[in-house]
1. Need one value: the accessible area of Thr5 in square angstrom, 1.4 angstrom probe, rounded to the nearest 10.
2. Could you give the semi-axes, largest first, of the ellipsoid that matches the stretch 102-204, computed as the square roots of 5 times the alpha carbon gyration tensor eigenvalues and rounded to whole Å?
3. Taking the Cα atoms of the stretch 61-116, what is the range of coordinates along each of the three principal axes, in descending order and whole Å?
4. Among bridges DSSP assigns within the chain, what percent are antiparallel (round to 5)?
5. Determine, from the Cβ-Cβ distance of Lys194 and Asn50 and an R0 of 30 Å, the FRET efficiency 1/(1 + (r/R0)^6), rounded to the nearest 0.05.
6. Provide the three semi-axes, in whole Å and in decreasing order, of the ellipsoid equivalent to the stretch 1-103 as defined by the square roots of 5 times the Cα gyration tensor eigenvalues.
7. Can you give the alpha-carbon Rg of the chain over 2.2 N^0.38 Å, where N counts its residues?
8. Just how many pairs of Lys in the chain have C-alpha atoms closer than 24 Å, counting pairs that are eight or more places apart or on different chains?
Amino acid sequence: MNTVTYSGNAVAPSKIVCVGRNYVEHIQELGNEIPDDMVIFIKPNSAIGNTLLSSIDGEALHYEGEIVLLIRNNNYTAVGFGIDLTRRELQSKLKKNGLPWERAKAFNGAAVFSEFVPLPDNIGGLSLRLQVDGQSRQAGGVEMMLYKPEIILSELHKFTTLEDGDLVMTGTPEGVGVINMGERFEGAVLADNKVLVSASWIAH
């Protein structure tokens with residue numbers, strides 16, 4: 001099983017539950033409609049990678065920076081920064097034909113994560129930022145989400161069991177784009193505008 005790190009310890013999530021279309025500006029930049037209900041999809045444990053890939057099978061990958069929450073005892077216990085890697089061209093073809101997204105979202109290495117740290121008391125004060133080669137690409141936070149973390153958790157409990165160590169990717173703000181080989185990605189989660197945890201990757 002692939003693992004993430006929480007306070008220096010290896011944790012093996014059974015799954016990564018992802019919320020799609022949770023920021024209005026991101027929905028608009030991709031030309032999608034605001035959904036009537038929460039959009040949820042799942043990445044398997046095998047999607048957890050250590051390397052930020054720039055392409056797969058000859059197709060350029062797109063980045064989506066996200067606030068990621070770690071589950072323990074059926075509740076959020078820790079937070080980290082994650083990048084959801086997406087085969088956008090393939091995803092568009094699948095969506096057009098009404099087919100599932102797994103081939104575009106759940107491949108090996110389709111997500112990378114910072115370490116995870118204890119969740120602060122004010123979850124509503126969480127935000128993220130992503131820089132590529134020192135240039136700001138994404139910024140957003142809980143206050144901009146259509147579905148706040150507590151609503152996400154409530155909805156998930158209605159239909160799936162959340163195991164200790166499972167991850168919840170809470171959606172991405174506007175500013176997604178292509179990953180180019182050699183670019184340096186620096187992502188951070190902030191608590192009330194102070195950096196809580198950060199990580200960096202060089203795209204391969």
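The values are calculated or read from the model by the stated rules, or taken from the named source; none is laboratory data. This one's a predicted model, so the numbers in the text were calculated from it and none came from an experiment. As a convention, Cβ positions derive from the backbone with ideal geometry for all residues, glycine included, and neighbour counts pool all protein chains shown. Accessible surface is based on the protein model in full, side chains and every heavy atom, while ligands, DNA and RNA are left aside. Shrake-Rupley method; radii C 1.70, N 1.55, O 1.52, S 1.80 Å.
1. 60
2. Details: eigenvalues 114, 70, 35 Å².
So the equivalent ellipsoid measures 24, 19, 13 Å along its semi-axes.
3. Each principal axis gives a Cα extent; for the stretch 61-116 these are 38, 22, 17 Å.
4. Working: 52 of 57 bridges.
Counting DSSP beta bridges with both partners in the chain, the antiparallel share is about 90 percent.
5. Details: r = 27 Å, r/R0 = 0.90.
My answer for the efficiency is 0.65.
6. Numbers: eigenvalues 127, 64, 32 Å².
Semi-axes, largest first: 25, 18, 13 Å.
7. Numbers: Rg = 15.5 Å, N = 204, 2.2 N^0.38 = 16.6 Å.
For the chain, the normalised Cα radius of gyration is 0.93.
8. Final tally of qualifying lysine pairs is 18.
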